[in-house]
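Chemist: I'd like to ask some things about the structure below.
The values are calculated or read from the model by the stated rules, or taken from the named source; none is laboratory data. Computed from a predicted structure; not experimentally measured. Cβ coordinates were reconstructed from backbone atoms using ideal geometry, including for glycine residues, and neighbour counts include every protein chain displayed.
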Amino acid sequence: MKSLLLLTSAVAALAAAPALAQDGPVGSVGVTYGNSEAELGGLSGDTDAWAVDGVVAMPAFGDWTVTVAANASQFDDGASDDTAVAGTAHLTTVLGSDLRVGGFVGAADVADETALTGGLEVQKYLSKATLTGVVAYTTADDIDLDVWSVGGDAAFYVTEALRLNAGVSWMTIDDADVDGLTYGVGAEYEIARSPFSVTAGYSHSDIEDLDIDSWTVGLRYSFGGGLQARDRAGAALPGSGVAGLLGAL
């Protein structure tokens with residue numbers, strides 16, 4: 001069960017990173033600390049996690065954009081620890097002036113278990129908001145896992161330096177009669193018009209009888225644009241929007 005949660009977390013977190021258009025490379029790198037408390041059948045436990053991640057979005061050809069992202073995480077529940085490594089590649093194009101659609105593929109490895117994922121993503125741009133939707137399918141043959149997930153997120157730019165997010169996602173495991181719902185919020189604040197920003201997030205997951213409460217804090221270095229420009233360039237990182245919410249599954 002632990003490997004299942006770590007594996008789906010590593011894949012889904014990166015699968016939700018959008019890939020959008022821009023004039024040049026835009027991206028960021030960051031470090032995040034998180035804690036998750038799980039409760040199942042009257043038993044409870046908590047896990048600490050450190051993660052290092054990076055993403056870059058670049059023009060490909062015509063109106064197409066390619067985005068690549070990677071993440072490495074270390075989980076520790078006090079009795080043992082595990083390392084998760086994941087990566088994705090996205091290709092999207094614009095329809096009209098404010099709607100972008102595309103797809104992605106990705107892979108993750110946790111404790112010698114490997115999962116593959118693929119899906120579709122769409123974003124709608126408003127003057128001070130970005131709406132995101134994702135549908136994904138994940139499979140891991142070693143543990144006989146097939147997961148469908150769908151999620152949505154709304155990012156609001158309160159100021160040029162402050163972004164707030166809220167989102168929800170749902171997933172189901174084929175042939176296992178297991179469904180899960182996750183909802184949460186996130187925020188990112190740019191420090192004094194510098195390339196550095198701080199992030200925070202909270203999510204709650206309800207997967208049958210398993211309840212998980214998670215929170216994260218982090219520090220990020222961005223290049224190629226500010227918060228809204230980074231989002232619309234396809235360089236939004238997991239943990240501050242729908243990516244982080246789907247990752248809880």
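Chemist: Go through (1) of a type outside the set (A, V, I, L, M, F, W, C); (2) outside any loop (DSSP other than H, G, I, E, B); (3) modelled with pLDDT of 90 or more one by one and return the number of the condition ASP142 breaks.
Modeler: All conditions pass for ASP142, except number (3).
Chemist: Would you point out the residue of the range 73-107, among those that are touching a Phe, Trp or Tyr at 6+ places or on another chain (Cβ under 9 Å) and small (Gly, Ala, Ser), that is modelled with the lowest pLDDT?
Modeler: SER97
Chemist: In this structure, is ALA136 closer than 21 Å to THR65 by Cβ, in a strand (DSSP E or B), in contact (Cβ under 8 Å) with a residue 12 or more places away in the chain and out of contact with any Phe, Trp or Tyr (no Cβ under 8 Å at 6 or more places or on another chain)? Write out each step before concluding.
Modeler: Numbers: closer than 21 Å to THR65 by Cβ: yes; in a strand (DSSP E or B): yes; in contact (Cβ under 8 Å) with a residue 12 or more places away in the chain: yes; out of contact with any Phe, Trp or Tyr (no Cβ under 8 Å at 6 or more places or on another chain): no.
Here the answer is no, as ALA136 does not meet what is asked.
Chemist: If you don't mind, there's one more thing I want to ask. I'd like the residue in the range 156-183 that is small (Gly, Ala, Ser) and surrounded by 15 or more Cβ atoms within 10 Å (Cβ to Cβ) and, out of all such residues, is farthest from THR92 (Cα to Cα).
Modeler: Taking the range 156-183 as the starting set, the residues that turn out to be small (Gly, Ala, Ser) are 161, 166-167, 169, 176, 180.
Next, only the ones that are surrounded by 15 or more Cβ atoms within 10 Å (Cβ to Cβ) stay: 161, 166-167, 169, 180.
Numbers: ALA161: 26, ALA166: 23, GLY167: 22, SER169: 22, GLY180: 28 Å.
Filtering first and then ranking leaves GLY180.
Each row is one residue, and each column tells you yes or no for (1) of a type outside the set (S, T, N, Q); (2) closer than 29 Å to SER194 by Cβ; (3) surrounded by 15 or more Cβ atoms within 10 Å (Cβ to Cβ); (4) under 13 Å from the mean Cα position of the chain (by Cα).
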residue: GLU121; (1), (2), (3), (4): yes, no, yes, yes
residue: TYR125; (1), (2), (3), (4): yes, yes, yes, no
residue: LYS128; (1), (2), (3), (4): yes, yes, no, no
residue: ALA140; (1), (2), (3), (4): yes, no, yes, no
residue: VAL147; (1), (2), (3), (4): yes, no, yes, no
residue: ALA154; (1), (2), (3), (4): yes, yes, yes, no
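Here is a yes/no grid of residues against (1) surrounded by fewer than 17 Cβ atoms within 10 Å (Cβ to Cβ); (2) modelled with pLDDT of 50 or more; (3) in contact with an Asp or Glu (Cβ under 9 Å, 6 or more places away or on another chain); (4) under 25 Å from ARG220 (Cα atoms):
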{"residue": "LEU6", "(1), (2), (3), (4)": "no, yes, yes, yes"}
{"residue": "ASP23", "(1), (2), (3), (4)": "yes, yes, no, yes"}
{"residue": "GLY30", "(1), (2), (3), (4)": "no, yes, yes, yes"}
{"residue": "GLU37", "(1), (2), (3), (4)": "yes, yes, yes, yes"}
{"residue": "GLY42", "(1), (2), (3), (4)": "yes, yes, no, no"}
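Chemist: Let me ask you something else. Scan the range 70-88 for residues that are surrounded by fewer than 15 Cβ atoms within 10 Å (Cβ to Cβ) and part of a strand (DSSP E or B) and report the count. Please lay out each step first, then the result.
Modeler: Here is the first cut: in the range 70-88, the residues surrounded by fewer than 15 Cβ atoms within 10 Å (Cβ to Cβ) are 74, 76, 78-81, 83, 85.
Going one step further and asking which of them are part of a strand (DSSP E or B), we end up with 74, 76, 81, 83, 85.
Within the range 70-88, residues that are surrounded by fewer than 15 Cβ atoms within 10 Å (Cβ to Cβ) and part of a strand (DSSP E or B) number 5.
Chemist: Something else about it: When you go through (1) within 20 Å of ASP142 (Cα to Cα); (2) not in a strand (DSSP E or B) one by one for ALA107, which number turns out not to apply?
Modeler: (2)
Chemist: Right, here's the next one. May I ask you to list pairs of residues, at least six apart or on different chains, whose Cβ atoms are under 6 Å apart, with the first in the range 86-104 being of a type in the set (Lys, Arg) and the second being surrounded by fewer than 24 Cβ atoms within 10 Å (Cβ to Cβ) and in a strand (DSSP E or B)?
Modeler: The qualifying pairs are ARG100/VAL94.
Chemist: So which residues in the range 90-110 are within 21 Å of VAL147 (Cα to Cα) and surrounded by 16 or more Cβ atoms within 10 Å (Cβ to Cβ), if there are any at all? Explain how you work it out, then say what you get.
Modeler: The initial filter retains those residues of the range 90-110 that are within 21 Å of VAL147 (Cα to Cα), namely 90, 102-110.
Selection gives HIS90, GLY102, PHE104, GLY106, ALA107, ALA108, ASP109, VAL110.
Chemist: Filter the range 183-214 down to the residues that are in a strand (DSSP E or B), without any contact (Cβ under 8 Å) to a residue 24 or more places away in the chain and among the aliphatic types (A, V, I, L, M) and list them by number.
Modeler: Within the range 183-214, VAL185, VAL198, ALA200 meet the criteria.
Chemist: Quick one: which residue in GLY218, GLY186, GLY151 is modelled with pLDDT under 90 and either in contact with a Phe, Trp or Tyr (Cβ under 7 Å, 6 or more places away or on another chain) or closer than 19 Å to ASP53 by Cβ (or both)?
Modeler: On the way: GLY218 fails: modelled with pLDDT under 90; GLY186 fails: modelled with pLDDT under 90.
Just a single option satisfies the conditions, and that option is GLY151.
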